[in-house]
Every structure is written in structure tokens, then in C-alpha cells.
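The next block holds one structure in the form of C-alpha cells; read it before the comments.
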Amino acid sequence: ALRILSAEAVEQARSGHPGMPMGAAGMAYVLWTRFLRHDPRDPRWPDRDRFVLSAGHGSMLLYSLLHLSGYDLTLEEIRRFRQWGSLTPGHPEYGRTPGVETTTGPLGQGFANAVGMAMAERFLAGRFNRPGRAIVDHRTYVLAGDGDLMEGVTHEAASLAGHLRLGRLIVLYDDNRITIEGPTSLAWSDDTPARFAALGWQVQSATGEEPQGLTAAIESALADEARPSLIAVRTHIGQGSPNRQDSAKAHGEPLGEEELRLTKQALGWPLAPAFHIPEEAREVFRAAAARGADRRREWLASLEAYAREFPELKAEWDRWQSGEPPCGWREDLAAMEIPAEPTATRVASGLAIQRLARRMPNLVGGSADLGPSNNSVIAGQGSFTPGAVEGPNIHFGVREHAMAAAVNGLALHGGLRPYCATFLVFSDYMRPSLRLAALMGVPSLFLFTHDSIGVGEDGPTHQPVEHLAALRAIPGLTVIRPADARETVEAWQTALERGGPVALVLTRQKVPALARGLDRATTGEAAGAPAGARGGAPAGAVPPVARGAYILAEEPAPADGPPELILIGTGSETSLCLEAQRRLAALGIRARAVSMPSWELFDEQDEAYRHRVLPPAVSARLAVEAAVPMGWERYVGQEGAILAMGRFGASAPAEALFARFGFTVEHILELALALLKRPLPIGSGPGR
């Protein structure tokens, strides 16, 4: 039933991958009818087993399983596979189809997501389970293929899982030995079982057409909670197809009407009607789903008893599951003392993390071996360790690719607010996971420090230039580059209130605290708020950072009419714009300094607000950012200018680099006066 239903849906769509569903149907049948604990009537039941189809091209296998199990996925939706608006897209999409745990398709991502899910299960179990009351007691299962295990991200993730001894992670490896180009032997001769054994996994083998052997292997994996498990299941792509089985053509092409007819004959299946499912097949899956429903009812009864015995823990459990931060967190952040002296925004971020961790014990995260540099370690608390959880800190090791994917898995699991950190230049290694976080809309938080040529002596290999533009190009990813410590704290508040992923981009070098000449109508705060006085905005107030851009300073006041010139800065360059605005004011030129930490947030504001900050009548605009200029045209217009990086950086002290590349107040003045067609003041020289 799984094989034919999958093949028929691909055939009707005239697009898709029939081979993997047909070959892996045997192992999927065993897992879903004998082991997987889930309830189709409550797809978000917190203690369900997670099933991740990492080989997402085989999506019709998952859709067939969901349909037969009784999820809200009708046969009509199966018929509409890969069509506009259907619940059966070409690859599984989180949030669209009930029962889909994560968006998969880019190979290896689902595998690495599952590592994060298994980490979440362990953390929550350690926090909430009590003797006799295990309200967190589930497994994470993965179905992965040859392509998944070739991708580097799975090696990183498997290494981390083996080190942490995630014994509740079980991977079924669809060992069909075929990829798009042909047999895997064309490019791959790994001893995969030996590799996983070396990484600390329990490794077994089984055959896809021998249910009893596969059952015994899964039972052995369940019994070994000291190690994650890999079961290498020998299968045949396109199983049952007389002319396509074990061929590369079975991978990504419909069988064709004639081959589908021959396959039905070979499997003893009725030739008509199409999409026929015998009642006995449905009964097998219904019985398995009924056992899952019984398990969920038992869990709910146990949860009620848990609430009576541990009411405070139950209240915390409910809060964590809701995804909402605890009461009072904004006030606590607002009361935070912010350094008045120059402070790197990475340091300010670290201070915010410490403050938030006091109120949010479900704030978990870490760095790719850069914790001291990223200021991402929660002080005074323990870490995820092999076989145990002693605290919220995660040591991901030098594994940026797997780190980002695992953080997505932590977020997808529910109950935790995860973050991860590295240098901005290494966001390149994380891009597939960043993109999928945005596609899914999950609240993963990515901290990127060492954000510009301010890295200094490490040179161009470590100085990000094109990376801000690359991050901003991802739809649904909110990028925030704060200008000082106060904006950094507000950025954290904004990030925790967003529904989707956020990237905080932070400096290595110290930046001055900005004295805001705040405009009440623009920001909702009183004018003249002192720098270094407090943290986030008071409860009920919208922090300026949450608006994406705001008027930092202007003389005379904005109410007296539009300025002659607007200077727009982000991050460490904002202070240069502010000083240039003051010098222009001393020359009798009315200039406005605007801090724009986030394009995405600013673009979300209504037109009236955006026009207030950037009046359309003011065409003399200068954007200043130590990154490639791509995208700034939309804010400066055709008559504006951009001071940016048109090349890679160099190895030298940060101060020398900023001067050499023109990021100085003097050069900003020079460019501003050129925009206004004003002469340089007597005694002024070139700015660089």
C-alpha cells in the first residue's frame, strides 16, 4: 500500500521521487506500526516520538504514512501531490502538513535537526522528570539515505551526538546504494558502519524486507540508552518495479504509466482503481494509531497527577511549552545597568544573556568553540555533558554547520529558547540552516560577533565584508546590527519577542555609548534619554531598535521641518554618523543622524513612520556601513551616496583599517558636503 500509493501520487504529478518510498516502505512500515508513539488526533502532543524524514525527496512515503495513520491529510491531498496550495508539497514543509516535524530536502539537515531534538528531550527530562513521574519520555527517529550521510553536516552532527551519548536518537539508514548519477560506488567507498561506530554510535544491520530482523534491531537500539543508534537497512530503490528497481532512474523520475502497471502486477496489486487502499492496510495503521492515542491518554493522566504533586514545576512546564518568556523579564531587562564607557556590543550581549538567564532557565545555547570570544556562556551554570545535562551551556565544538541545524531542532522540539554563536565570517558555514530556519519561521537565535574590518589584525580571512548582505538576502530572517550597548540590550528584547529567527550582529571592538536626542513621536520615549542609564525599554514601550531605524539626533528639532541631509549608520559606524552630524550642525548645516540597526524591522513599519525617519523630500542621504554596499540603494535613493567596503579587508589594527578605508568622521563630512554641493571648510583636507 505504501509503495503503490507513493508511486501513483508521483505518477499523477508527473514529478517526484518514487524510488526511495518504494524501497524504504518496509522499514517505515515496521517503525510506524510497531514502535512509533504518536497520536494523529494531536500532532503536537509534547511527549510524542519525533519522526524526521531526512531524505526529504521521499516525501510521498511520509505523506502515505500520515494518511494511512489517520492524520488530517485526505486522499484528495495525496492526489494533489506537488500542486499549488496542497498539503503535500514536493518536500516536507514544517507548519504546512500535520505530522511533519521539520522541513527537509537539503540532505543532512533533517538528521542534524534530529540531534537538536534529542538534546531537547534530554534537557527537558532532566528539568522536569521526577521519580515515578516521567512526563518527558520519547525518542527521536530519523530515516536517512546515502545522500544524507555523504553530506558533511551529518558527520558533524553524528560526532556531536556520539559525544553527548544521545541514546534516544535512532537513525534508520536507507542503504540502497543509489544516487542521481548512478551507484554510490562512483563517488563513495566509506565504511559507514565503522565510521559511526568510531563516532560512538551503536551500529547494527538489517534488511528492509525482513520485518522480524528489523524489529529486533530497533528493540536493541531502544535498550541501549548510552549511545545513539544507526541501523543500516539494506534496501532496493524502486522495490517491486520490474525495470526500475536498483536503478538511478527510480530516484527522481516517475515510473511511467506502463512501468507502474507492471509494478502493480509484480506486487499482486489491483490495476484499478487508482489510489486503491485495501481496508486491511488501513486497519493495521489504525490499530497502531489507537495504541498511540492510549499512550497519550495515559500521559495526560500522569500529567494531572504530576500537577498535583509538583504544582510549581507544572506551571513552569506550561510556560515553557507556550514559548512565552516568564513574567517580568522585560522589566528585569529594563532595570539592567548598561555601561556608560565604550563597550563592545558582543560584551553587552553577554551581559544581556546573564540577565535573561536569571529569569529564563529554558534559555539554552552555546558557541562553535568560541564562547569566550562570543561572550555566549551563561556564567555560573553547567553544560550539556556526555550522558547528562548539568546546565544550559552547549559546547558545539568546531561544527558551525551542525550547530545551526541542531539549534533549529532544539527550537522545533518546543519548550526551549535556543541560541548559538560564532564569528560573522563563519555564517557561510551556517547558511543552509539559516535559510531553513527562516523558511520554517522557527525562533532560533543566531549570534554573530567580530562583525567587520574591526576584527583587525586577523586579516581579510576573518573580516566579514559580504556577509551582512548575504544574511539580509534571506526572506524571513531578521538581522539586527546594534550600534552600542543599549541598542544591543534592546536587540535581545526584540529578538525574544519575534516569532521567527533573528541574527544579532555584534562588534569585537569597543564602541561609544550613544547619547540619544530622542524624538518622542518617533520612538515613543522622552527626548534626551541619557546613555548608559538603563537597559531595554520599559514595559509597554516599544524600544527604538524594534522599529528598525530611528532619529538619533538632529539640530534643530525635527518638528521644525525636514533636514538638509540624512546620515544613516549601523553598528559601529553609527557613532561616526552622530559625530559628523554634530560637526555639520556647527557649520550651520541641518543634518539628521539615523541609527538603522535592522532593515527588516524598519520595512515592517507603516509608511508614516518610515517617511518621518527618512522624509521622501530629503534626497541628500549618506549610508555608512563597513560592508559591501549591496541593498543600501533602497534607502539612499538615486541622489544619495554609500560609504561602504568595495573590497576585502587587510591585516592591520582596526583603527588603521577604518582610517585607510575611509570610515572616519572627516571622510563622512567630505562626502556629506559633496552631496550638498558645499565647499569643504577652510583647513579641511581629504578624509582618507
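The values are calculated or read from the model by the stated rules, or taken from the named source; none is laboratory data. Because the structure is a prediction, the values reported are computed rather than measured. Ideal geometry is used to build each Cβ from the backbone, glycine not excepted, and the neighbour counts take in all protein chains shown. For the accessible areas, the whole protein counts, side chains as well, though only heavy atoms, and no ligand, DNA or RNA atoms are used. Shrake-Rupley method; radii C 1.70, N 1.55, O 1.52, S 1.80 Å.
Could you calculate the contour length gain from residue 226 to residue 608, that is, 0.36 nm times the residue separation minus the distance between their Cα atoms, to one decimal place in nm? Show your work: numbers first, answer last.
Numbers: separation 382, 0.36 × 382 = 137.52 nm, distance 5.90 nm.
Result for the pair: 131.6 nm of gain on full extension.
Could you derive backbone 3J(HN,Hα) for segment 37-52 from the dihedral phi with the Karplus parameters 6.51, -1.76 and 1.60 (θ = phi - 60°), listing whole Hz in sequence and x where the residue is Gly or Pro?
My calculation for segment 37-52 gives 9, 7, 9, x, 6, 9, x, 9, 3, x, 9, 5, 5, 9, 10, 10 Hz in order.
Relative contact order for segment 535-669: what is it in percent, counting Cα pairs under 8 Å that are at least 6 residues apart? Kindly include the intermediate steps, with their values, before the conclusion.
On the way: 213 pairs, mean separation 34.9, N = 135.
For segment 535-669, the relative contact order is 26 percent.
How far apart, in nm, are the 7 Å Cα→Cβ label points at residue 265 and residue 279?
Label-label distance for residue 265 and residue 279, simple model: 3.0 nm.
Amide H of residue 188 versus every other amide H placed in the peptide plane: which residues, excluding those fewer than 5 positions away on the same chain, fall under 5 Å?
Excluding prolines and chain starts, which carry no amide H, there are no hits.
For segment 156-244, state the average projected area of the convex hull of the C-alpha atoms over all orientations, rounded to one decimal in nm². Don't skip to the end; give the middle numbers.
Values: hull surface 25.8 nm².
Orientation-averaged projected area of the Cα hull: 6.5 nm².
Which of the three applies to segment 81-218, rounded, prolate or oblate, going by the alpha-carbon gyration tensor with a ≥ b ≥ c and a/c under 1.5 meaning rounded?
Working: a/c = 1.73, a/b = 1.17, b/c = 1.48.
Taking the square roots of the gyration eigenvalues as a ≥ b ≥ c, segment 81-218 is oblate.
Just to compare against my own numbers: the Cα pair-distance distribution for segment 310-420, 10 Å bins, whole % per bin, please.
Binned Cα distances yield the sequence 13, 41, 35, 11, 1.
Nearest 20 debye, what's the magnitude of the dipole of the chain about its Cα centre given +1 on Lys and Arg Cβ and -1 on Asp and Glu Cβ? Working shown, then result.
On the way: 68 positive and 78 negative charges, 151 e Å.
Here the size comes out at about 720 debye.
Name the residue from 609, 66, 270 whose Cα lies farthest towards the positive end of the charge dipole of the chain, charges +1 on Cβ of Lys and Arg and -1 on Cβ of Asp and Glu.
609
Taking amide H atoms as placed 1.01 Å from N in the peptide plane, list the residues 5 or more away in sequence, or in a different chain, whose amide H sits under 5 Å from that of residue 395.
The answer is 384.
Taking R0 as 41 Å, what's the FRET efficiency between residue 358 and residue 212 from their Cβ-Cβ distance, rounded to 0.05? Display every interim value, and only then the final one.
Values: r = 53 Å, r/R0 = 1.30.
Efficiency, from the Cβ-Cβ distance: 0.15.
Counting only other residues whose beta carbon sits under 15 Å from that of residue 255, what net charge do I get with K and R as +1, D and E as -1?
Values: positive: 3, 14, 244, 249, 261, 264; negative: 8, 11, 246, 253, 257, 258, 259.
Net charge in that neighbourhood comes out at -1.
Using only the alpha-carbon atoms of the chain as identical scatterers, what base-10 log of I(q)/I(0) does the Debye formula give at q = 0.09, 0.12 Å⁻¹?
The Debye formula, applied to the Cα set alone, gives -0.82, -1.19.
Over segment 573-627, what portion of Cα pair distances is larger than 18 Å, expressed as a whole percent?
Details: 611 of 1485 pairs.
Considering segment 573-627, 41 percent of its Cα-Cα pairs are separated by more than 18 Å.
What are the ³J(HN,Hα) values, in whole Hz, obtained from phi via the Karplus relation 6.51 cos²θ - 1.76 cosθ + 1.60 with θ = phi - 60°, for each residue of segment 106-120 in sequence order, with x given for Gly and Pro?
Per residue, the Karplus-derived 3J(HN,Hα) values read x, 4, x, 5, x, 4, 6, 4, 5, 4, x, 4, 5, 5, 4 Hz.
In whole percent, and with a 1.4 Å probe on the protein chains, what portion of the accessible area of the chain is carbon and sulfur? Intermediate values should be presented prior to the final figure.
On the way: 13050 of 25190 Å².
That fraction is 52 percent.
From the phi of every residue in segment 65-75, what ³J(HN,Hα) in whole Hz does the Karplus formula 6.51 cos²θ - 1.76 cosθ + 1.60 yield, where θ is phi - 60° and glycine or proline is x?
The phi angles translate into 4, 5, 4, 5, 7, x, 5, 6, 9, 6, 5 Hz.
Hey, with R₀ at 35 Å, roughly what FRET efficiency would residue 428 and residue 272 work out to, going by the Cβ-Cβ distance, to 0.05?
Details: r = 53 Å, r/R0 = 1.51.
For residue 428 and residue 272, the calculated efficiency is 0.10.
Taking amide H positions as placed 1.01 Å from N in the peptide plane, with prolines and chain starts having none, which residues 5 or more places from residue 51, or on another chain, fall under 5 Å of its amide H?
Under 5 Å from the amide H of residue 51: 141.
Roughly what % antiparallel, to the nearest 5, for the DSSP beta bridges in segment 275-418? Please report the intermediate quantities before stating the final value.
Details: 2 of 8 bridges.
Around 25 percent antiparallel, to the nearest 5.
Using 16 Å as the cut-off for backbone N distance, which residues of segment 148-163 belong to the label zone defined by a point 7 Å from the Cα of residue 385 along Cα→Cβ?
Those under the cut-off are 163.
Can you list the residues of segment 31-53 with backbone N under 14 Å from a point 7 Å past the Cα of residue 137, pointing along Cα to Cβ?
Flagged as within label range: 37, 47-49.
Spin-label point model (7 Å from Cα, Cβ direction): what's the residue 461 to residue 617 distance in nm?
5.4 nm
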